[in-house]
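Peer 1: Mind having a look at this structure? Questions to follow.
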Amino acid sequence: MYANDSKAPPRPRLTVPALRKMKADGQRIVSITAYDAGFARSVDEAGIDLVLVGDSLGMVCQGHDSTLPVTVDDIVYHVGCVARGLSSVFLVADLPFQADATLDRALDASTRCLQAGAAMVKLEGAGHKLDVIRFLAEREIPVCGHLGLTPQSVLRLGGYKVQGREASAAKKLLADARAVADAVADLLVLECVPSALAAEITAAIAIPTIGIGAGPSCDGQILVLHDLLGMNSGHRRPRFVKDFLAQGGSVLGAFQAYAAAVRSGAFPGPEHGY
Ligand code: KIV
């Protein structure tokens, strides 16, 4: 294995204002999770816009049943690995379970993530998390919210289920999304929500939405790397997952096929939504 001597000029690195402009221009934001430098290099080469070092690493890398055992040290380690493989992709780090339970903990964990190479942190929920988002944003830390199915709430939710199906739950999700945007988050992940509700939220807020199991109307899409490559991660495959390795023929080809399908609007199809 030798150092890359490619002479291809690097793409300019995406920024927070550039992500917002993509929403305004109707340009879809192609996103994926990654956990190491090797996959990160292929993600970069494929022209994907955004990488999340998700706490999903607890399930797909560490073999746990949930994301709850993941620590800040784990995330910081994987952010460093991924950052070294990227040149132009926007890098987001997940704050793991309870790392955002208090303002001080959130500031400490976020600072470590940014110092390891992330450009934004993601945190789940609304409620008291709105104070955390505001606190971080006031300290120049870009924040991505995460609503709908929030895997860190699995014990209270009683499983990984679609959220916002009933009218009252849908109304609350829309209000939460507005509150997250008003707390000055810069991005919002919507996970496992009905496509019509995700479309309504996307139209209602100025910040870009990134969907996973949230239909085609979000401003961008994200998939977990292992799901996109059709790997058996030891868990039930949700219906929003598509195996792009079968179509792309190689890891790089799979990433390129995924990016093209998101940008053209071919993915997600109606069969991937709720
Ligand atoms: O942890 C993760 O990978 C995530 C994505 C599924 C959005 O939160």
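Peer 1: Write out, first by first residue and then by second, each pair whose Cβ atoms fall under 6 Å of each other, whose residues are 6+ apart or on separate chains, and whose first residue, in the stretch 87-106, is assigned to a helix (DSSP H, G or I) and more than 16 Å from the ligand (Cβ to nearest atom) while the second is modelled with pLDDT of 95 or more and open to solvent by less than 10 Å² (accessible area, probe 1.4 Å).
Peer 2: 105/99; 106/100; 106/132
Peer 1: Another question about this same structure. When you go through 110, 153, 168 one by one, which is the residue that is in contact with a strand residue (DSSP E or B) (Cβ under 9 Å, 6 or more places away or on another chain), open to solvent by 30 Å² or more (accessible area, probe 1.4 Å), of a type in the set (S, T, N, Q) and outside any loop (DSSP other than H, G, I, E, B)?
Peer 2: Exactly one residue qualifies, and that residue is 153.
Peer 1: Find all pairs meeting these conditions: Cβ atoms under 6 angstrom apart; at least six residues apart or on different chains; first residue within the stretch 247-270 and among the polar types (S, T, N, Q); second residue open to solvent by less than 50 Å² (accessible area, probe 1.4 Å).
Peer 2: 247/257; 256/46
Peer 1: Determine whether residue 48 is within 12 Å of the ligand (Cβ to nearest atom) and either closer than 17 Å to residue 255 by Cβ or in contact with a Pro (Cβ under 8 Å, 6 or more places away or on another chain) (or both).
Peer 2: no
Peer 1: Would you confirm whether any residue within the stretch 197-209 is assigned to a loop (DSSP other than H, G, I, E, B), open to solvent by 10 Å² or more (accessible area, probe 1.4 Å) and in contact with a Phe, Trp or Tyr (Cβ under 7 Å, 6 or more places away or on another chain)?
Peer 2: No, the stretch 197-209 contains no residue that is assigned to a loop (DSSP other than H, G, I, E, B), open to solvent by 10 Å² or more (accessible area, probe 1.4 Å) and in contact with a Phe, Trp or Tyr (Cβ under 7 Å, 6 or more places away or on another chain).
Peer 1: Something else now. I need the full set of residues from the stretch 217-253 which are more than 16 Å from the ligand (Cβ to nearest atom), at pLDDT below 95 and either among the β-branched types (Val, Ile, Thr) or assigned to a loop (DSSP other than H, G, I, E, B) (or both), in order please.
Peer 2: Once the filter is applied, which keeps residues that are more than 16 Å from the ligand (Cβ to nearest atom), at pLDDT below 95 and either among the β-branched types (Val, Ile, Thr) or assigned to a loop (DSSP other than H, G, I, E, B) (or both), the stretch 217-253 yields only 232.
The values are calculated or read from the model by the stated rules, or taken from the named source; none is laboratory data. Treat the numbers as computed from the prediction; the structure is a model and nothing was measured. Cβ atoms come from the backbone with ideal geometry, glycine included; neighbour counts cover every protein chain shown. Only protein heavy atoms, including side chains, enter the accessible area calculation; ligands, DNA and RNA are left aside. Shrake-Rupley method; radii C 1.70, N 1.55, O 1.52, S 1.80 Å.
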